[in-house]
1. Give the range 104-156 a look and list any residue that's part of a strand (DSSP E or B) and in contact with a helix residue (DSSP H, G or I) (Cβ under 6 Å, 6 or more places away or on another chain), or say none.
2. Of the numbered conditions (1) modelled with pLDDT of 95 or more; (2) farther than 14 Å from VAL85 by Cα; (3) β-branched (Val, Ile, Thr), VAL128 fails exactly one; give the number of that condition.
3. Identify, by number, the condition in (1) crowded, with 18+ Cβ neighbours inside 10 Å; (2) touching a strand residue (DSSP E or B) at 6+ places or on another chain (Cβ under 8 Å); (3) in contact (Cβ under 8 Å) with a residue 60 or more places away in the chain that TRP135 doesn't meet.
4. Restricting the search to the range 155-174, which residues are buried (at least 19 other Cβ atoms within 10 Å of the Cβ) and either of a type in the set (Lys, Arg) or closer than 15 Å to TYR117 by Cα (or both)?
5. Which condition breaks for GLU124 when tested against (1) within 12 Å of PHE97 (Cβ to Cβ); (2) free of Cβ contacts under 8 Å to residues at least 24 places away in the same chain; (3) charged (D, E, K, R)?
6. Exactly one of these conditions fails for GLY92: (1) at pLDDT 95 or above; (2) assigned to a loop (DSSP other than H, G, I, E, B); (3) surrounded by fewer than 12 Cβ atoms within 10 Å (Cβ to Cβ). Give me its number.
7. Do you know which residues across the range 158-174 are farther than 22 Å from PHE81 by Cβ and touching a strand residue (DSSP E or B) at 6+ places or on another chain (Cβ under 7 Å)?
Amino acid sequence: MRKNVLLVIGGFLVAGLYSAMPQTNAANNDEQEIRALEERFAAFRAKDVPGITSPQNVGEPSEHPAITFIKSKVKDAEKPFAVIVEGKVKAGKEQAFQAAVALCARATRQEPGCTAYYLNRDSERPGVYVMYEQWKNIAPCDKHTKTQHFLTMARTMEPLVDGEMSMRVLLVPE
């Protein structure tokens, strides 16, 4: 089943389509969800997400909303910066969430211009995760928001997240 979604990641909206996850019994739910996420990641094609990867669509922005937000905080586009994204994951969905981010993180850390991309779990608040990203400048981060692995992660996370995720931009001192 495919359905339209508006996904909030890091305080910005990502529009697109995702395939609903099959419902399974509780005993093997996590393993099946992780396998399903891995299969969806492997099979994903950016063209399957109209509006995100096709800025020529009527009414769609040509720049990802995350980049617009980052540019509002980073005054010199050539300077390094970091991004912190924090959010709560639905109970019982932690392993599936971690698997979705891990697939993206491995690929992202190989991208030119990415100096850090890590998922952390809060030790005091169950189900709360903090993503830390650091970029050499805005251009590689902008390119990242158009990659297959980022788009797959964004649309996969939507049913796993409990509420909105917050985003902060940090300036890296020279």
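The values are calculated or read from the model by the stated rules, or taken from the named source; none is laboratory data. Source: prediction; values computed, not measured. Don't worry about glycine lacking a Cβ; one is built from the backbone with ideal geometry, like all the others, and counts go over all protein chains shown.
1. CYS114, TYR117, LEU119, TRP135
2. Of everything listed in (1) modelled with pLDDT of 95 or more; (2) farther than 14 Å from VAL85 by Cα; (3) β-branched (Val, Ile, Thr), VAL128 misses just condition (2).
3. Single failed check for TRP135: (3).
4. ARG155, MET167
5. Going through (1) within 12 Å of PHE97 (Cβ to Cβ); (2) free of Cβ contacts under 8 Å to residues at least 24 places away in the same chain; (3) charged (D, E, K, R) one by one, GLU124 breaks only (1).
6. (3)
7. Correct list: GLU158, LEU160, VAL161, ASP162, GLY163.
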